[in-house]
Amino acid sequence: MYTFVSTCWSSSETFSSSSFERQSGSFITRRRTPLFTRPKQQVRVLSLQAISQLEKLQKLTVIVADTGDFEQIIKFKPTDATTNPSLIYQASQLPQYRHLVDDAIKYGKSQAATAEKRIDHMRDKLFVNFGAEISKIVPGYVSTEVDARLSFDVEGSVQQAEKLIHLYEEIGVPKNRILIKLASTWEGIQAASILEKKGIHCNMTLLFNICQAASAAEAGATLISPFVGRILDWYKKNKGQEYTADNDPGVVSVKEIFYYYKKFGYPTIVMGASFRNKDEILALAGCDRLTIAPKLLKELMESDGEVAQKLDAEEAKKKNLERIPTDEKSFRWLLNQDPMATEKLAEGIRSFAQDIVSLNKLLDKVLV
Ligand code: E4P
């Protein structure tokens, strides 16, 4: 698929017989056999511009950048951006973001607290500093994650979410721009229910099974992030099998959740996350949102292949689906019955918690 664009030539130009010539991602029409030479004046030439897969996907799905690196976000012009402790830990070590770390340290030092508490203040401020910078680049939501060590603590999660929102508001970022990311544990979902009632929007992360999605929607979460790649990782490791985009268990899981939400009219946004390859992304074209790491955004930008709509809310009407129980006992039972989701949720919490600890150590080191 190509779009027509016009180009202006300011010097004399020889036109030759028709052929297509690739020029940095665009096609320009030229004639090969000299026909005439125009005098020095501006003339309009019709050119053909190849549309990238990223642009085609943008017509079907809201694109979100999954990174804490601002330069990458600027490059791909996404609507929203997501971060997690691992991404902020990586970005904090880049010299160009040192001023955000320094500001967080200054803030932490100004808080009357124990050394340990001061580090917590600094880390929260660091997350907010990154989020605030990102909010200047993207027009939509910015996701900021609550400390993963609070994944089983409803009250602690609510308090930290409120503190993050307070820090954002202090520097002029309104709460309607922020999604508070919480692990999709039973406690995380209860915290989301409380926060949404207070007008704080939530993004339910580490979501691997439809029982988590059903409970998050009942809790009124603004958005869920069903993981794709981590599900594929588990199946490849445990079943010793290779998968295509069509039978990729991560892709199948997001489709199941998407149709469940559309069938029963839940407004919660479905944002596929955690991708391992471009095909997984294209297999979910039409999903509400997709959060994509820079490496895969680049691949989509550099390709001009076709993009077909794979998910369509209208299709949900035809599906024969049953409601999933969302009480605590059913949630815990259904989750426990799925070894992949149980293991991946636990591992994900451990890994994000480890990155929080690493971030604390980094701040502690800079502080000394
Ligand atoms: C985004 O919100 C998730 O944290 C992210 O997509 C996880 O990706 P990963 O499985 O590649 O770490």
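A few notes on this one:
- Evaluation of residue 244 against the conditions (1) in contact with a Leu (Cβ under 7 Å, 6 or more places away or on another chain); (2) more than 10 Å from the ligand (Cβ to nearest atom); (3) farther than 18 Å from residue 315 by Cβ shows that the sole unmet condition is (1).
- Filtered by the rule that a residue be farther than 20 Å from residue 220 by Cβ, open to solvent by 50 Å² or more (accessible area, probe 1.4 Å) and out of contact with any helix residue (DSSP H, G or I) (no Cβ under 7 Å at 6 or more places or on another chain), region 243-285 gives 244, 246, 247, 252, 255, 277, 279.
- Evaluating residue 232 against the criteria (1) closer than 18 Å to residue 323 by Cβ; (2) within 10 Å of the ligand (Cβ to nearest atom) leaves one unmet condition, (1).
- Region 190-217: number of residues that are of a type outside the set (Phe, Trp, Tyr), part of a loop (DSSP other than H, G, I, E, B) and within 20 Å of residue 328 (Cβ to Cβ): 1
- Filtering region 218-231 to residues that are part of a helix (DSSP H, G or I) and open to solvent by 10 Å² or more (accessible area, probe 1.4 Å) leaves 218, 230.
- Identification of helices (runs of 4 or more DSSP H) wholly contained in region 1-120 with 3 or more residues that are modelled with pLDDT of 90 or more and on the phi > 0 side of the Ramachandran plot yields no element.
- For region 192-211, residues that are more than 14 Å from the ligand (Cβ to nearest atom), surrounded by 24 or more Cβ atoms within 10 Å (Cβ to Cβ) and touching a residue at least 40 places away in the same chain (Cβ under 8 Å) total 1.
- Taken together, the criteria place residue 187 among residues that are away from the ligand (no atom under 16 Å from the Cβ) and either in a helix (DSSP H, G or I) or modelled with pLDDT of 95 or more (or both).
The values are calculated or read from the model by the stated rules, or taken from the named source; none is laboratory data. In this text, all values refer to a predicted model and were calculated from it rather than measured experimentally. Every residue, glycine as well, gets a Cβ built from its backbone with ideal geometry; the counts of neighbours run over all protein chains shown. SASA here: full protein model, heavy atoms, side chains in, ligands and nucleic acids out. Shrake-Rupley method; radii C 1.70, N 1.55, O 1.52, S 1.80 Å.
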